[in-house]
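The values are calculated or read from the model by the stated rules, or taken from the named source; none is laboratory data. Quantities reported herein were computed from a predicted structural model and do not represent experimental measurements. Because the Cβ atoms are built from the backbone with ideal geometry, glycine has one as well, and the counts that use them run over all protein chains shown.
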Amino acid sequence: MKKSIGTPSLIFPNPVLVVCTYDDNGRANAATLAWGGIASSGPAAVSIAVQPPRYTYDALMKRKAFTVNLAPAKYAAEADYFGLVSGRDTDKFAATGLTAVRAEFVDAPYIEEFPYNLECEVTHTLDLGVHTLFIGLIKDAKIDEAANEMWKGFDLITFDAASRDYRLPGESAGKAFEIGNKFKK
Ligand SMILES: Cc1cc2nc3c(=O)[nH]c(=O)nc-3n(C[C@H](O)[C@H](O)[C@H](O)COP(=O)(O)O)c2cc1C
């Protein structure tokens, strides 16, 4: 048996995407977004859902560029802070002491201390109501030089929107593209 719970915008888990932009004055800003993810693999693209009142929204519209920075657990408080205050009246990089580095291929900064960064160019926008969906073409990805295996040791956090917790991914529940093979005839 199932029961209807209406139309919550809930899914699990959500990524913790720290989106960085430059404002009109060239000041670096960061905002934490959980509504987003990979949109396409060819060409590689991401989607992010941003509310028009966000300072980030103005920057995305004007600069047509952003970076996506995945947050490790040791910077969970910084990532949370980026989602609590607006860059309209606060310099979030100065407040946290994190380092904004000019991206190589797009007009946006990335966060040096975060181990994985995507440099994205805005190609499409779609007004959906409360949120506007931005599609960002991935122009380049940066990963910490020390990384010898993707994600290993990065301790990247996810967001549980139902309980409002940041979580670390748990144990493997099986190999993808493999365990389902047992149902093939
Ligand atoms: C965990 C978390 C997830 C969030 N996800 C989104 C989101 O997907 N879209 C959005 O517009 N705002 C989201 N926010 C809110 C913005 O991060 C917040 O309004 C922030 O202050 C915007 O900063 P800005 O005004 O400098 O752009 C989220 C905040 C948190 C803490």
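Annotations
- Residue that is farthest from the chain's Cα centre (by Cα), among those in region 15-59 that are among the aromatic types (Phe, Trp, Tyr) and not in a strand (DSSP E or B): TYR55
- In region 118-185, counting only strands (runs of 3 or more DSSP E) that sit wholly within it, none holds 3 or more residues that are loosely packed, with under 11 Cβ neighbours inside 10 Å.
- Of the candidates PHE12, PHE93, the single residue that is over 18 Å from THR125 (Cβ atoms) and assigned to a loop (DSSP other than H, G, I, E, B) is PHE12.
- The selection criterion, being out of contact with any helix residue (DSSP H, G or I) (no Cβ under 8 Å at 6 or more places or on another chain) and not in a helix (DSSP H, G or I), holds for THR67.
- GLY97, sole failed condition from (1) loosely packed, with under 12 Cβ neighbours inside 10 Å; (2) within 22 Å of PHE12 (Cα to Cα); (3) modelled with pLDDT of 95 or more: (2)
- Selection from region 31-45 of residues that are near the ligand (Cβ under 10 Å from one of its atoms) and among the small types (Gly, Ala, Ser): ALA31, ALA34, GLY36
- Filtered residues of region 70-90 (kept if surrounded by fewer than 22 Cβ atoms within 10 Å (Cβ to Cβ), part of a helix (DSSP H, G or I) and hydrophobic (A, V, I, L, M, F, W, C)): ALA73, ALA76, ALA77
- Any pair with Cβ under 8 angstrom, 6 or more apart, that starts in region 46-67 at a residue that is under 21 Å from ASP140 (Cα atoms) and more than 6 Å from the ligand (Cβ to nearest atom) and ends at one that is of a type in the set (Ser, Thr, Tyr) and assigned to a helix (DSSP H, G or I): PHE66/THR56
- For first residues located in region 68-95 and more than 16 Å from ASP165 (Cβ to Cβ), partners that are surrounded by 14 or more Cβ atoms within 10 Å (Cβ to Cβ) and among the polar types (S, T, N, Q) and lie 6+ apart or on another chain with Cβ distances below 6 Å form the pairs ASN69/ASN117; GLU78/THR96; PHE82/THR32; GLY87/ASN29.
- For region 72-101, residues that are aliphatic (A, V, I, L, M) and out of contact with any helix residue (DSSP H, G or I) (no Cβ under 8 Å at 6 or more places or on another chain) total 7.
- Within this structure, ALA28 passes the test of being more than 23 Å from LEU10 (Cα to Cα), at pLDDT 95 or above and within 11 Å of the ligand (Cβ to nearest atom).
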